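The values are calculated or read from the model by the stated rules, or taken from the named source; none is laboratory data. Quick caveat, the model's predicted, so the values are computed rather than measured. Neighbour counts are summed over all protein chains in view; Cβ atoms, including those assigned to glycine, are modelled from backbone coordinates with ideal geometry. Note: areas computed on protein heavy atoms with side chains; ligands, DNA, RNA excluded. Shrake-Rupley method; radii C 1.70, N 1.55, O 1.52, S 1.80 Å.
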Amino acid sequence: MAKQYHSLSATIATSIVFLLVLSNAQDNAPHNGGVISLNMIHRDTPSSPLYDALLTDSQRVSKALQRSRHRINRFVSSEDESPSAHLIYSSGEYLVNISIGTPPRPFIGIVDTGSDLIWAQCMPCTECFKQNPPLFDPASSSTYKALSCASNECRLVNEATPCSSNSSSCGYQASYGDGSYSNGNLSLDTVTLDSTSIPNTIFGCGHHNGGEFTGVESGIVGLGRGAVSFISQIAGYLVGGKYFSYCLYNNSNLVSSSKMYFGRLNTSSGPGVVTTPLLTNPIYQSFYYLELQGISVGANNITVDADAKDFKGNMIIDSGTTLMYLPESVYDRFESAIREELKDRDLEVKQDPTGGSDLCYSTKYDILAGPNVTFHFNGADVKLKSANNFIRMDDETVCLAFSSGSSFGIYGIWQQTNYLVGYDLENKTVSFQPTDCATI
């Protein structure tokens, strides 16, 4: 019988079903909860299976900025697409090692806060990208279960498009803005993070997959805000419920790994922590929107003009974009203020050797002292460190780690470096805490 497929858009009815499914799943969850820690492996560090030792540091930066531009183009183009097409994955910057099945099978997943579904390539594979680790074989897992169209979990994906037959399997289609895709069966199995096993996790068992994948990764770990997002599913096992955070190293740190935490750390509140509301776009519900109200560069205050529309989210915080992209109406004033602050520093302005930045200086110092830059979000002033403002392109050139976006901005990972960034999905907030990520 023909397999029925569902888009991954959410509805109010879907949310109701999700609450029922999640309630059942959490009945079996530990009552005390905990915090689960994972290494986030940047693709350009030696611990990454994607690391290319033949590339120079300058070439790695150039490739990272190219990926960053591709990703922002996906965000921009998604404004004109249907909600079901608003999955943004474009190569990704961080990987995590987890396991699926019983016994556990290794899974290398791309961390993506711009999408919800966790999926893996599965046997039998009709059409798959070449993958170095063995594909996941559902037949080898004693806890695997393919979901039927009659299941609540299948209705969770999109109740508005019911299956034509209760006996057919529940299919999914995940199509991303860069042309990547995964099609297969929506399924349940045990997912293991570190030493914590989480049964009955909804994931996509992909039998038709393709696009911009390297063959090292096994699939995607979606950490968006939707009902089937990984963080939404495992909340019952965590301190603080639907809460995750990460602390990112500068990519030049080739020894230590960045960290991701599922559950609320004891250090997630206290001195130095600032918190801003997390806004929900009624159309693009998976993205993490913030309201940027202004920027201070030294004594220069740049006001972000309030939009007349009801939705005030003008900045998406993202784990897969290297640079920060400012709204077009803001970037020119921001760059001018940076130039003004540095005009007496006897610095030679030069062209970006990668072609990706509009403002670069000739200097052998990794960090340009100052200017003081503060981002004023609704209720939270995030004071950037000097290292968050500039990025080294080659031995003699540093460039502004910001660029011009579209009608909205992207808060990139370079500006999140050495901050503990916490996502509280239950209280709908994002927090920033200046942190030496080597010590946490």
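Each of the peptides 223-231, 337-345 was scored by the mean count of other Cβ atoms within 10 Å over its residues; in descending order, highest first, they stand as 223-231, 337-345.
Quick check: Cα centre of segment 396-440 to Cα centre of segment 172-223, how many Å? Centre-to-centre distance over Cα atoms comes out at 26 Å.
Partners of residue 242 within straight-line reach, counting lysines whose Cα lies under 18 Å from its Cα and excluding those fewer than 8 residues away in the same chain: 259, 428. Enumerate the residues in segment 276-303 having an amide nitrogen under 14 Å from the point lying 7 Å beyond the Cα of residue 381 toward its Cβ. The answer is 293-302, whose backbone nitrogens lie closer than 14 Å to the label point. Compute the label zone of residue 348 within segment 375-406: residues whose backbone N is under 12 Å from the point 7 Å along Cα-to-Cβ. Counting only backbone N, you get 396-397. The alpha carbon centroids of segment 107-150 and segment 345-392 are separated by 41 Å. Between residue 340 and residue 440, the contour length at 0.36 nm per residue exceeds the Cα-Cα span by 32.4 nm. Here the accessible area of segment 184-251 is 45 percent carbon and sulfur, with a 1.4 angstrom probe and all protein chains present.
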